[in-house]
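Contents: one structure, followed by commentary.
The values are calculated or read from the model by the stated rules, or taken from the named source; none is laboratory data. The structure displayed is predicted, hence computed values, not measured ones. Please note: Cβ atoms are built from the backbone with ideal geometry, for glycine as well, and neighbour counts cover all protein chains shown.
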């Protein structure tokens, strides 16, 4: 089904990375997903065929490049190339989660800046615009030579926190780098802020030091852009417990939960974990772990509508 909103038509194509989110976005837009075949050859190569006529339409590909990152990124590129060769008017890559974002600088000698490399490849595939949600570092927008619309999940997550009616909330940053995010949440919720002093030992383990701020007998909300192996978040949860927090909630936009992330959070004493559905959420949880997932489908649908209509996307967050 194709919907005409202006003089041009629009179609939304869904990759294999997160089909549930793609279908939810289409339901919000009241359209059917674009028809597409995505196959795998026996040697694991990806084959794509667009089944709809896309000549002259605005095409949107919903494909977070979450694990397996290489496979999902390559699938996005092939879909974009197929749409370009089929004469789509414009191609927007809707990437709620942008993989490789943590490799955004040279922290030691002889290493790549992979986030920039991926940005170059996406643009070369025929993508005209990128739509992302809570990039790991805002400056990654500058890695792209095409327009980037950077959305934020904070309004949705803050609304969820308000509904919990916490008695003595306080926002806590799991490290120095996330202070700005914690401060935005604290201002919207009208509460104080604390921060954990952290030293990273390896990609999966960290060492925490002091907690700066008074959190004893408070309902602590630890916010970050993502939870991957949960090393940083679990260490922050344990620190909050050690400093006398009454309850501790871990809040993040992207819940990757790789490896034994859930077990780490559970052992640290987390009260509840709250994430959005930018990536698929594991269904198997350790006993006693409370996981709440809030959807960003409506936000993405509104942003896609605004892009198609040539309206401002930033107005979604001005108030």
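Key figures for this structure:
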{"quantity": "Unique residue being in contact (Cβ under 8 Å) with a residue 12 or more places away in the chain, outside the structural domain of residue 164 (by TED's automatic domain parsing) and surrounded by 13 or more Cβ atoms within 10 Å (Cβ to Cβ) when the list is 304, 274", "calculated": "304"}
{"quantity": "Qualifying residue in the stretch 83-102 (condition: within 18 Å of residue 47 (Cα to Cα), surrounded by 20 or more Cβ atoms within 10 Å (Cβ to Cβ) and touching a strand residue (DSSP E or B) at 6+ places or on another chain (Cβ under 9 Å))", "calculated": "yes"}
{"quantity": "Residue in the stretch 183-200 that is under 19 Å from the mean Cα position of the chain (by Cα), closer than 19 Å to residue 318 by Cα and modelled with pLDDT of 95 or more present", "calculated": "yes"}
{"quantity": "Test: residue in the stretch 251-259 that is within 23 Å of the chain's Cα centre (by Cα), surrounded by 16 or more Cβ atoms within 10 Å (Cβ to Cβ) and part of a loop (DSSP other than H, G, I, E, B)", "calculated": "yes"}
{"quantity": "Matching strands (runs of 3 or more DSSP E) fully within the stretch 12-67 where at least 2 residues are surrounded by fewer than 18 Cβ atoms within 10 Å (Cβ to Cβ)", "calculated": "36-40, 46-50"}
{"quantity": "Filter result for residue 269 (in contact with a strand residue (DSSP E or B) (Cβ under 8 Å, 6 or more places away or on another chain) and surrounded by 24 or more Cβ atoms within 10 Å (Cβ to Cβ))", "calculated": "no"}
{"quantity": "Residue identified as farther than 21 Å from residue 274 by Cα and modelled with pLDDT under 95 among 125, 205, 178", "calculated": "205"}
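One line per residue, one yes/no per condition, for (1) in contact with a helix residue (DSSP H, G or I) (Cβ under 9 Å, 6 or more places away or on another chain); (2) in contact (Cβ under 8 Å) with a residue 12 or more places away in the chain; (3) farther than 13 Å from residue 222 by Cα:
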| site | (1), (2), (3) |
| --- | --- |
| 145 | yes, yes, yes |
| 158 | yes, yes, no |
| 182 | no, yes, no |
| 187 | no, no, yes |
| 193 | yes, yes, no |
